[in-house]
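Below is one structure; the comments refer to it alone.
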Amino acid sequence: MSVIKRSVCPFDCPDTCGLLVEVDGGKAVAVKGDPEHPYTRSFLCPKMLHYEKSVHSPLRLTTPLKRTGAKGEGRFAPISWQEAIATIAERWRGIIGEFGGEAILPYSYAGTMGIVQRNAGHPFFHRLGASRLDRTICSPAKGAGWQAVMGKTPTPHPDTAGKSDLLILWGINAAATSIHFMNAVREVKAKGGEVWLIDTYRTPTASAADRTFLVRPGSDGALALGIMHILSRDGLTDDDFLAANVLGFQELRQEVLPEWTPEQTARVTGLPAAVIEEMAKAYGSARAPFIRMGSGLSRYGNGAMTVRCISCLPALVGAYGKEGGGCFPDTSTGGAFATDQLLREDLMQPPTRIVNMNRLGHALNELADPPVMSLYVYHSNPAAVTPDQNAVLKGLAREDLFTVVHERFLTDTARHADIVLPACSSVETSDIYRAYGTYCIQRARPAIEPVGESKSNWQVFSLLAAELGFREEIFALTADQMIDHLLSIPSKLREGIDTGRLDAGLAVELTVAREGWGTPSGKIEILNTQQPMPLPRYLPTHEENGELPFRLMTAPSPFALNATFYEQEELRAKQGGMRLQMNPDDARANGLLDGERVVAFNERGEVTFLLTVTDHVPAGVVVAEGVWWTAFAPGSRSVNALTSQRLTDQGGGSTFYDNRVDVRKE
């Protein structure tokens, strides 16, 4: 007889859905959305509809492996856990003795978002004296830009977006990356409100929008400044709100906005001046305009400044003070748990160097004093997801680099490992989750036993700590004991929650209330004198004036999450292969035909795609959705062979969308 057990979607999505896992005979046989979750409400995205197929995939790794062939070949022999742990410890002792602890580099990101399993390596590597990884591959520029204006001001509850009369999806393909926010879209439209999409191409989300505005890649900040110019010019600002709540509007109006006439904004964004006028007047006339800001627009050389410009926009019309109005980048729920108790930075003696994860190719090939001599990868696939794939693969191919990969599948990265350790899926482990698109937290316990000999991150680092003689108490705790410890420490955000529901595995919502503005001045800071540029301005992208003809958008797919879910054949089939989308006029000009094999190339590499010719993509732009494993790609490389290790203006973030390519027939 089957039973239903609660769990949580562990993947890097703001929704962090509650799951109902049907278990029969010790196996997960079906997964559904939890109707009692306040945001999931029974509904799951296409990626998670058959999560059980990932859990019990025939591609799952079930035993530790030791490399027997050349790096990248994927030839391994099974070994015991005892041999695997002993081998790792022995190699690390030798590396530390010759080069020091900083010659060991951990690499992880968001393959699991559970607080304990995601951060399980931090105390271990701090104690080991390893290099630290600056985990900035996603959207730190977004956070930097928002905080420059709003400080620690909490964002509104996402459900309040449904009360807006003008909902703007700005740089977010919600149908692929935050599908439950589409409930707010439907609510606004049902009440007679309007929904806009601002993006670089017509994403699947465009079908739900009343109007779609396509801007040139990286020009979103210019559009925000242009709209603010018109609001100021035409008296559409909320002067009472500005006087009481905002610092620096007069300086912005006098020093920055005069340049951003509709004509100048049109030259930068590609939108007609008349359309920009229309947008500004509609925004200024709306009762409670709400901006749902995505992360993609922050992945340019000007990403933080772009977010800063957009974050100022609601202040001009007083939207931050209106129910259903404002701006929602993400929720900030970090204060829900005393994560310092988990991260244990106090174990570092002394603090070690920091390596930016976006520059892994540089670190593996060029870093010195000491060089990176060992790489430990967990819940990430850097050979696929990290910028400048060719540089990363060159580093991974080093025979003197001792690489350990803890994974569920034989990914591109795992194929380069010396030791591969089988990892649990989320339904096989204990964890506690906090969302970044809602204010929910939820505890999860194992729904099934580990598949094969797989172990969780927490278990593996406990084994390694024991083998290396680490005696600190944290390394002897179980994951559930660590969760209990975190929950025993009071947090203002958790005040009043139903602890019984939380312990039973149900989602509960944190207590979040805005008390003034969370900035040093106590006001929304359009003028921030602590910033290198005190006022928001438009900054060019890295590739604004590049020589190659096409701006490359490395966009999300509704059927994958970065390089996750490619083990499911059905989801690969729904993507129709690894495709490059191109405008019909560009295809004709280059003699390219729909469906044929083409090569996109730049100074970093060449990648083979199947071509899709579509008017959803504007001229001068090409789009590649998803981050494919090379095992399923048309050629030997995937899209990140074309992306750069360059960083954002603030936050040290990735610039995945700030690259140019040319395209030819294969």
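Between Thr438, Thr429, the distinction of being of a type in the set (Val, Ile, Thr) and open to solvent by 10 Å² or more (accessible area, probe 1.4 Å) belongs to Thr429 only. Selection of the range 79-124 for residues being crowded, with 21+ Cβ neighbours inside 10 Å and either free of Cβ contacts under 8 Å to residues at least 40 places away in the same chain or polar (S, T, N, Q) (or both) yields Ser108, Thr112, Gln117.
Ala368 satisfies every condition listed in (1) open to solvent by 50 Å² or more (accessible area, probe 1.4 Å); (2) among the aliphatic types (A, V, I, L, M); (3) under 17 Å from Asp418 (Cα atoms) except (3).
Every listed requirement among (1) open to solvent by less than 10 Å² (accessible area, probe 1.4 Å); (2) under 17 Å from the mean Cα position of the chain (by Cα) is met by Asp134 save one, (1).
Of the residues making up the range 497-515, those that are at pLDDT 95 or above and of a type in the set (Gly, Ala, Ser) are Gly500, Ala504, Gly505, Ala507.
Scanning the range 224-234 for residues that are surrounded by fewer than 22 Cβ atoms within 10 Å (Cβ to Cβ) and either modelled with pLDDT under 95 or in contact with a Gly (Cβ under 9 Å, 6 or more places away or on another chain) (or both) gives Leu231, Asp234.
Within the range 566-579, none of the residues are open to solvent by 10 Å² or more (accessible area, probe 1.4 Å) and hydroxyl-bearing (Ser, Thr, Tyr).
Of Asp658, Asp649, all but one fail to be under 25 Å from the mean Cα position of the chain (by Cα) and open to solvent by 40 Å² or more (accessible area, probe 1.4 Å); the exception is Asp649.
Go through the range 258-271 residue by residue and tally those that are within 32 Å of the chain's Cα centre (by Cα) and more than 13 Å from Gly221 (Cβ to Cβ). Spell out the reasoning first.
If we filter the range 258-271 for residues that are within 32 Å of the chain's Cα centre (by Cα), which is where we start, we get 260, 265-271.
Next cut, more than 13 Å from Gly221 (Cβ to Cβ) only: 266-267, 270-271.
Qualifying residue count for the region: 4.
Residue check: is Phe601 surrounded by 21 or more Cβ atoms within 10 Å (Cβ to Cβ) and out of contact with any Phe, Trp or Tyr (no Cβ under 6 Å at 6 or more places or on another chain)? When the stated conditions are applied, Phe601 does not pass them. Which one is nearest to Ala315 (Cα to Cα), of the residues in the range 202-218 that are under 21 Å from the mean Cα position of the chain (by Cα) and buried (at least 21 other Cβ atoms within 10 Å of the Cβ)? Within the range 202-218, the match that is nearest to Ala315 (Cα to Cα) is Gly218. For the range 291-347, give me the residue count where each residue is basic (Lys, Arg), within 19 Å of His157 (Cα to Cα) and either part of a helix (DSSP H, G or I) or over 22 Å from the mean Cα position of the chain (by Cα) (or both). Summing the residues that are basic (Lys, Arg), within 19 Å of His157 (Cα to Cα) and either part of a helix (DSSP H, G or I) or over 22 Å from the mean Cα position of the chain (by Cα) (or both) in the range 291-347 gives 1. Listed by first and then second residue, the pairs with beta-carbon distance under 9 Å, at least 6 apart or on different chains, first residue in the range 329-355 and among the aromatic types (Phe, Trp, Tyr), second in a strand (DSSP E or B), are Phe337/Ile432; Phe337/Arg434; Phe337/Ile441.
Restricting attention to the range 179-198 and to residues that are among the small types (Gly, Ala, Ser) and touching a strand residue (DSSP E or B) at 6+ places or on another chain (Cβ under 8 Å), the residue that is farthest from Cys9 (Cα to Cα) turns out to be Gly193. Scanning the range 487-507 for residues being within 30 Å of Ala148 (Cα to Cα) and open to solvent by less than 30 Å² (accessible area, probe 1.4 Å) gives a total of 2.
Suppose we keep only residues that are open to solvent by less than 10 Å² (accessible area, probe 1.4 Å) and assigned to a loop (DSSP other than H, G, I, E, B) within the range 629-643. Which one would you say is nearest to Gly74 (Cα to Cα)?
Ser638
Of the residues making up the range 185-198, those that are open to solvent by 10 Å² or more (accessible area, probe 1.4 Å) and free of Cβ contacts under 8 Å to residues at least 60 places away in the same chain are Arg186, Glu187, Lys189, Ala190, Lys191, Gly192, Gly193. Given the criteria open to solvent by 40 Å² or more (accessible area, probe 1.4 Å) and more than 22 Å from Thr177 (Cα to Cα), does Leu611 qualify? No: the conditions fail for Leu611.
The values are calculated or read from the model by the stated rules, or taken from the named source; none is laboratory data. Since the structure is predicted, the reported quantities are computational estimates derived from the model, not experimental observations. Positions of Cβ are backbone-derived with ideal geometry, glycine not excepted, and every protein chain shown enters the neighbour counts. These area figures cover heavy atoms from the full protein model, side chains too; ligands, DNA and RNA do not enter into them. Shrake-Rupley method; radii C 1.70, N 1.55, O 1.52, S 1.80 Å.
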